[in-house]
Every structure is written in C-alpha cells, then in structure tokens.
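Each remark here refers to the structure printed beneath this line.
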Protein chains: 2
Amino acid sequence: MNWIEIAGHTGALLSSITFIPQVYKVWKTKSVGDLSLYMMLIVFTSTLVWLAYGVALNLWPVILANGFICFLSILLLYFKFAFSRKVIVVAKVKESE
Amino acid sequence: MNWIEIAGHTGALLSSITFIPQVYKVWKTKSVGDLSLYMMLIVFTSTLVWLAYGVALNLWPVILANGFICFLSILLLYFKFAFSRKVIVVAKVKESE
C-alpha cells in the first residue's frame, strides 16, 4: 500500500468519524441551540446520495462510511428536535401556573 | 452523463456546502458553545489529507471540494476561539469592578 492509498483510507476514516464528537457533546450537554438544522439536513441528504452512488458502483468503503455518517446525522437531527422541544415544554408549564 | 455520475457530482457538491449554514449561523449569532471543537479539528485534518490525496492523483473535484471545506473549517475554528474568548473577557471585567 503506497502513501496515496493510506491517505485515501485515512481521509475516509476521518470523514466517517467527523460527527462523533458533536453527537457526544450534544448528548452530554442536551444543548443544541448553536447547531444549524440546515447543516444536519444537508449531511443527511448527501449521505443518501453517496449511499446510492456506492451501492450502484458496489463501493463498500463509500457505503460503510456514508451509512455510518447517515446514522450520526439522524441522531443529531433527533437530538436537535428532542432538546429544542424540551425548552418549549418548559415555557408552557410556566404559563399555566 | 448517467444517473450515477450525477449522483457523484451531487454528493460532492452537497459535501462541499455542508458547513455553509453552520458558518452563517455562528457568524450571525456569535454563539459557539454547543459546537464541538474536536469535530472542527477532525474536519480540518481530514480536508488536509484529502487535499494531499487529490493533488497526488490530480483529482480536481477532490481538490476543489476539500479546499473549500478546509476554508470553512478554518472559519469555524476562528469563530470558536474568537467568540468563546469574548465570554471570558466579559467575566474578567466584572471581577475588577
């Protein structure tokens, strides 16, 4: 394996794990206010496109990497709605006292 | 151009613009607390690796896409430090009053 192949695998690995720290931070802090919903939607959409591309060409690295990123983007989207909603619910309880 | 090529170009375009909404949101709100520094560092590192890969194989789509993402990740890193520091400065002023 020459250095170019190593760079390719390293790049693919780094791209795959990009969102792990962000998912962990959001899971720990339950705070999503600064995160862009549109970024998450773009990530989700792009992984679906790359998955179709990988399946069509039978490129397992592309399928595995984007399958994993897709999973992470779904998690981030879920957290974005779950933890944003939590704030709204609190406001309602206060009004009814 | 068949649908697979179109999917490849679409995927590359979506991957390139992923961080634009996040950069815009941070620039507008000046709030970076929820963003993971480690995510930004991984993005920055992965784009450097992909740039080396693209240059070595003379792959212009890889060079252009990762050059642009690298620029966006540098912007996010700058904002992360610039807007985090702002909070610390305010705290110091309060102590000295």
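Read-outs throughout are calculated quantities, based only on the coordinates presented, and are distinct from any laboratory measurement. Since we're looking at a predicted model, the values are computed, not measured. In this analysis, Cβ positions are derived from the backbone assuming ideal geometry, glycine residues included, and neighbour counts consider all displayed protein chains.
Data overview
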{"quantity": "Residue among B:72, B:51, B:13 with the largest mean-square fluctuation in a Gaussian network model of chain B, springs linking Cα atoms under 10 Å", "calculated": "B:13"}
{"quantity": "With Cα atoms, 0 to 90° folded angle of helix B:3-17 axis to chain B main axis", "calculated": "20"}
{"quantity": "Gyration tensor verdict on region B:1-75 (Cα atoms; rounded if a/c is under 1.5, prolate if a/b is larger than b/c, oblate otherwise)", "calculated": "oblate"}
{"quantity": "Most mobile listed residue (B:63, B:74, B:42) in chain B, GNM with C-alpha springs under 10 Å", "calculated": "B:42"}
{"quantity": "Pair residue A:24, residue A:82: separation of 7 Å Cα→Cβ label points (nm)", "calculated": "1.8"}
{"quantity": "The protein assembly as shown: radius of gyration over Cα atoms, expressed as a fraction of 2.2 N^0.38 Å", "calculated": "1.17"}
{"quantity": "Label point distance in nm, residue A:6-residue B:58, each placed 7 Å from Cα along Cα→Cβ", "calculated": "2.4"}
{"quantity": "Crossing angle, helix A:20-29 versus chain A [Cα axis fit, 0-90 degrees, rounded to tens]", "calculated": "10"}
{"quantity": "Max mean-square fluctuation residue, GNM over chain B, Cα-Cα springs under 10 Å, options B:27, B:50, B:60", "calculated": "B:60"}
{"quantity": "Chain B: angle of helix B:37-57 to the longest principal axis, Cα-based, in degrees nearest 10", "calculated": "30"}
